[in-house]
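Novice: Let me give you the structure first, and then I'll get to my questions.
The values are calculated or read from the model by the stated rules, or taken from the named source; none is laboratory data. Note that this is a predicted model, so its numbers are computed, not measured. Glycine gets a Cβ as well: all are built from the backbone with ideal geometry, and neighbour counts include every protein chain shown. Side chains included, ligands, DNA and RNA excluded: accessible areas come from the protein's heavy atoms. Shrake-Rupley method; radii C 1.70, N 1.55, O 1.52, S 1.80 Å.
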Amino acid sequence: MNLKIKWIKAAPSVLLISAVAALSACGGDGASDAPLAITLLHINDHHSRLDEDTTTLQLPNAAGAVKAVSLPMGGFARVAAAISEEAAKSNNVIKLHAGDALTGDLYFTQSEGEADAMAMNTVCFDAMTFGNHEFDTGDAGLSKFIGFLHKDPQKCQTPLLSSNVSTSTTSPIANKFQPYTTVTRDGQKIGIVGVTISQKTKNASRPDVTTMFSDEVVSTQSAIDTLTRQGVNKIIVMSHVGYAFDMTQLASQLNGVDVVVGGDSHTLLGPDSMKSFGLSPEGAYPTKLTDAGGRPVCVVQAWQYSYVVGKLKVEFDSKGHVSACNGAPMVLVGDTFKEGSTVATTTDAAAYKKALNDSGVFRITTPLTETVTALKPFSDAKIALGSALVGRSSENLCLRRVPGVGAKSDVTRSSLGDICNRDPGVMARGGDIQQLVAQAFLLQGQTFGGADIALQNAGGVRIDIPAGDITVGKVYTLLPFKNVLVRITMTGQQVKDTVEDGIDSMLGSNGGTGSGAYPYTAGLRFDVDITKTKGARATNLEIQSNGQWVSFDTSKTYKVITNDFTAGGGDNYLTLKGIDKSLKENTYLDYADSFLQYIKKNPALSKPAATTFSTKSYRE
């Protein structure tokens with residue numbers, strides 16, 4: 001290779017980047033490769049949701065009338081089947097998991113990741129990156145999951161990747177992951193770099209204190225540069241940092257990246273035509289951008305909860321540059337259809353099936369028997385415990401992290417879609433179920449030792465509770481983390497500062513963790529104005545006293561019940577973190593069981609009264 005560098009007056013870092021970019025464009029070792037086409041099959045954020053769900057779509061019947069039709073969706077056995085079948089008819093397949101395999105269902109509560117690992121091994125991914133929830137039970141819990149994943153050394157050994165995670169030599173996960181790996185397809189190497197969201201993992205999960213998370217862009221670029229020096233000129237970044245970050249930070253600021261396969265934000269990408277079925281894509285699949293050197297980059301993500309397998313075909317030219325990328329999210333569904341409680345007629349079912357097949361995004365998929373068999377011991381145990389009936393809701397209890405309709409309102413989480421997202425009460429005050437959980441915790445705190453106020457971070461509550469029966473399994477899916485309730489003695493000013501911390505963290509300020517930090521309180525309510533500066537966003541605070549709402553006194557002392565995660569400063573609740581340990585009492589009350597006990601005492605649930613919501617009003 002005849003490499004000529006034109007010397008200009010610039011900072012040394014600029015010269016280094018220019019040289020690296022030039023080397024990358026030449027293929028590293030000077031040789032030009034033959035053009036190459038690969039197929040990426042990818043998932044992210046399945047969160048231990050291994051069973052199928054039921055969804056409702058808008059589909060035309062045989063007469064052409066659009067109906068609300070319920071049908072099965074997702075399930076890891078469908079993921080495995082889709083990947084197996086699509087891989088069999090595709091060339092140069094690479095199978096990727098972009099993180100957050102763990103936490104979110106009774107499967108994880110019972111097996112600590114073993115069920116997820118057994119299911120994943122029926123796919124055998126070429127690589128997986130760490131999500132923040134992989135650290136929910138510390139390095140020891142992650143090590144246990146890796147052990148399950150690598151249980152049989154003669155079979156699947158999925159590499160675990162993250163370029164920005166470093167550990168002490170004594171960490172249980174030391175030497176069990178790497179910054180990047182390479183795979184070979186048609187004799188050519190493709191580099192795969194992992195990256196994990198930094199602040200959110202440190203502040204919203206539980207990594208060991210000696211486990212460090214460095215800057216996402218810097219660490220990823222370092223890994224890309226290392227691969228480039230090794231002659232690898234095709235680079236996939238497997239990121240767990242969110243769609244917005246993928247676009248504005250990774251794709252646009254990196255040199256030498258070709259594809260970003262993302263996770264964390266639970267983003268559904270796809271054509272606008274999906275809206276006619278009742279789904280809400282947030283961008284194109286793939287989203288086509290350019291890197292810092294002006295080269296094409298393709299960004300993809302595959303929604304959440306074993307609902308979607310992304311399929312992306314990428315074509316490289318002889319220099320290793322992307323010449324084309326195209327594909328679609330495959331939304332995995334079954335072909336049993338109901339209109340309400342009525343099974344669809346044969347002719348209508350045929351029309352519904354045709355509409356799905358013609359959509360280009362839905363994939364009618366039969367679950368893979370091998371995965372069903374691998375999961376059976378875990379599903380039997382889950383059914384035995386989870387099927388116990390504890391109560392019933394007379395109406396939908398909607399999930400929503402943040403009120404409003406703007407960009408911060410995070411409307412991607414609800415499985416009930418527009419039923420909840422367009423609910424006037426939800427838009428005005430936030431999630432019904434988050435509020436109800438806070439109220440349950442207040443009652444539990446009052447029962448055991450006393451409490452004036454309860455605080456629950458929005459992201460600790462994970463699902464809607466649709467109208468109908470409530471089981472043990474649903475409660476533990478709703479509250480899947482291994483948290484306990486902590487009682488803290490606080491001044492009123494500290495309480496107000498804590499509410500401000502949650503709002504500030506929701507807005508992403510100073511290492512904030514995003515929508516999951518938004519505060520839901522019971523026994524305390526306030527107006528929110530996010531256009532103000534920190535300290536002035538929560539106003540008109542009121543506390544409930546003898547059944548009446550009265551002005552909140554910042555000079556008084558209160559007992560606040562919250563989960564141990566926020567009590568320790570999780571989600572950037574820095575005021576709580578700074579309170580002396582002598583003022584914190586661990587009640588050892590499991591937070592999921594606390595809600596379970598609340599339901600047992602109040603088996604007929606409904607939406608909380610508007611006057612009890614912590615957010616009285618919300619200004620965007």
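Novice: When residues of region 151-169 are filtered for being crowded, with 16+ Cβ neighbours inside 10 Å and touching a Cys at 6+ places or on another chain (Cβ under 8 Å), how many remain?
Specialist: Result for region 151-169: 2.
Novice: Quick one: Asp136 ticks every box in (1) touching a helix residue (DSSP H, G or I) at 6+ places or on another chain (Cβ under 9 Å); (2) touching a residue at least 24 places away in the same chain (Cβ under 8 Å); (3) closer than 27 Å to Thr477 by Cα; (4) open to solvent by 40 Å² or more (accessible area, probe 1.4 Å) except a single one, so which number is it?
Specialist: So the condition that Asp136 fails would be (4).
Novice: I'd like the full set of residues that are part of a loop (DSSP other than H, G, I, E, B) and either buried (at least 24 other Cβ atoms within 10 Å of the Cβ) or small (Gly, Ala, Ser) (or both), limited to region 549-567. Lay out the reasoning, then the answer.
Specialist: Kept after step one, since they are part of a loop (DSSP other than H, G, I, E, B), are these residues of region 549-567: 552-556.
Within region 549-567, just Ser555 meets the criteria.
Results for (1) out of contact with any Lys or Arg (no Cβ under 6 Å at 6 or more places or on another chain); (2) modelled with pLDDT of 95 or more; (3) in a loop (DSSP other than H, G, I, E, B); (4) of a type in the set (D, E, K, R), shown as yes or no for each residue.
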site	(1), (2), (3), (4)
Arg206	yes, no, yes, yes
Ser219	yes, yes, no, no
Ala223	yes, yes, no, no
Met247	yes, yes, no, no
Gly256	yes, yes, yes, no
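Novice: Are there any pairs, at least 6 apart or on different chains, whose C-beta atoms fall under 7 Å, with the first in region 417-431 and at pLDDT 90 or above and the second surrounded by fewer than 19 Cβ atoms within 10 Å (Cβ to Cβ), and if so, which?
Specialist: Gly425/Ala610; Met427/Val405; Arg429/Ala610
For (1) at pLDDT below 95; (2) of a type in the set (Ser, Thr, Tyr); (3) open to solvent by 20 Å² or more (accessible area, probe 1.4 Å), each residue gets a yes or a no:
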residue: Lys482; (1), (2), (3): yes, no, yes
residue: Arg487; (1), (2), (3): yes, no, no
residue: Met490; (1), (2), (3): no, no, no
residue: Ala522; (1), (2), (3): no, no, no
residue: Thr539; (1), (2), (3): no, yes, yes
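Novice: Now for a separate question. Go through region 229-273 and give me each residue that's more than 18 Å from Phe177 (Cα to Cα), open to solvent by less than 10 Å² (accessible area, probe 1.4 Å) and hydroxyl-bearing (Ser, Thr, Tyr).
Specialist: The one that is more than 18 Å from Phe177 (Cα to Cα), open to solvent by less than 10 Å² (accessible area, probe 1.4 Å) and hydroxyl-bearing (Ser, Thr, Tyr): Thr267.
Novice: Of the conditions (1) β-branched (Val, Ile, Thr); (2) closer than 25 Å to Ala517 by Cβ; (3) under 20 Å from the mean Cα position of the chain (by Cα), Val237 clears all except one; give me its number.
Specialist: If we test Val237 against (1) β-branched (Val, Ile, Thr); (2) closer than 25 Å to Ala517 by Cβ; (3) under 20 Å from the mean Cα position of the chain (by Cα), just (2) comes out false.
Novice: Can you name the number of the only condition in (1) within 20 Å of Val437 (Cα to Cα); (2) more than 26 Å from the chain's Cα centre (by Cα) that Lys556 fails?
Specialist: (1)
Novice: Grab the strands (runs of 3 or more DSSP E) fully contained in region 290-390, keeping just those with 3 or more residues being in contact (Cβ under 8 Å) with a residue 40 or more places away in the chain and either under 30 Å from Leu254 (Cα atoms) or over 26 Å from the mean Cα position of the chain (by Cα) (or both).
Specialist: In region 290-390, the matching strands (runs of 3 or more DSSP E) lie at 296-301, 308-316, 322-333.
Novice: Kindly list, by first and then second residue, each pair from a residue in region 181-197 that is under 13 Å from Leu96 (Cα atoms) and surrounded by fewer than 20 Cβ atoms within 10 Å (Cβ to Cβ) to a residue that is polar (S, T, N, Q) and at pLDDT 95 or above, limited to pairs with Cβ atoms under 9 Å and residues at least 6 apart or on different chains.
Specialist: Within 9 Å, the pairs are Thr182/Gln230.
Novice: Another question, if that's okay. Sort through Thr562, Thr575, Thr612 and tell me the only one that's of a type outside the set (Gly, Ala, Ser) and either at pLDDT below 95 or within 18 Å of Arg429 (Cα to Cα) (or both).
Specialist: Step by step, each of Thr562, Thr575, Thr612 is checked, and only Thr612 is of a type outside the set (Gly, Ala, Ser) and either at pLDDT below 95 or within 18 Å of Arg429 (Cα to Cα) (or both).
Novice: When you look at Met274, is it free of Cβ contacts under 8 Å to residues at least 60 places away in the same chain and farther than 12 Å from Asn164 by Cα, yes or no?
Specialist: It is false that Met274 is free of Cβ contacts under 8 Å to residues at least 60 places away in the same chain and farther than 12 Å from Asn164 by Cα.
Novice: Sort out which residues of region 406-431 are of a type in the set (Lys, Arg) and either part of a helix (DSSP H, G or I) or farther than 20 Å from His47 by Cβ (or both), and write them in order of number.
Specialist: Lys408, Arg422, Arg429 - these are the residues of region 406-431 that are of a type in the set (Lys, Arg) and either part of a helix (DSSP H, G or I) or farther than 20 Å from His47 by Cβ (or both).
Novice: Turning to a different aspect of this structure: Select from region 40-54 the residues that are in contact with a Gly (Cβ under 8 Å, 6 or more places away or on another chain) and open to solvent by 10 Å² or more (accessible area, probe 1.4 Å) and write down the one among them that is nearest to Ile190 (Cα to Cα).
Specialist: Arg49
Novice: Also: What is the residue count in region 110-122 for residues that are open to solvent by 10 Å² or more (accessible area, probe 1.4 Å) and either at pLDDT below 95 or farther than 18 Å from Ala140 by Cα (or both)?
Specialist: Matching residues across region 110-122 total 6.
Novice: Six or more apart or on different chains, Cβ under 6 Å: which pairs go from a residue in region 246-263 that's touching a residue at least 60 places away in the same chain (Cβ under 8 Å) and on the phi > 0 side of the Ramachandran plot to one that's of a type in the set (Gly, Ala, Ser) and crowded, with 24+ Cβ neighbours inside 10 Å? Could you list them?
Specialist: Final answer for the pair search is Gly256/Ser24.
Novice: On to the next question. When region 463-508 is examined, which residues are found to be among the acidic types (Asp, Glu) and farther than 24 Å from Thr587 by Cβ? Show your work before the answer.
Specialist: Step one: list which residues in region 463-508 are among the acidic types (Asp, Glu), which gives 464, 469, 497, 500-501, 504.
Scanning region 463-508 gives Asp464, Asp469, Glu500, Asp504.
Novice: Within region 313-348, track down each residue that is touching a strand residue (DSSP E or B) at 6+ places or on another chain (Cβ under 7 Å), within 24 Å of Gln230 (Cβ to Cβ) and open to solvent by less than 20 Å² (accessible area, probe 1.4 Å).
Specialist: Val314, Phe316, Val322, Cys325, listed by residue number.
Novice: Sort out which residues of region 56-109 are open to solvent by less than 10 Å² (accessible area, probe 1.4 Å) and of a type in the set (Val, Ile, Thr), and write them in order of number.
Specialist: Listed by number, the residues that qualify are Val69, Val79, Ile83, Ile94, Thr103.
Novice: Taking region 272-289 as the region of interest, how many residues are in a strand (DSSP E or B) and of a type in the set (D, E, K, R)?
Specialist: 1
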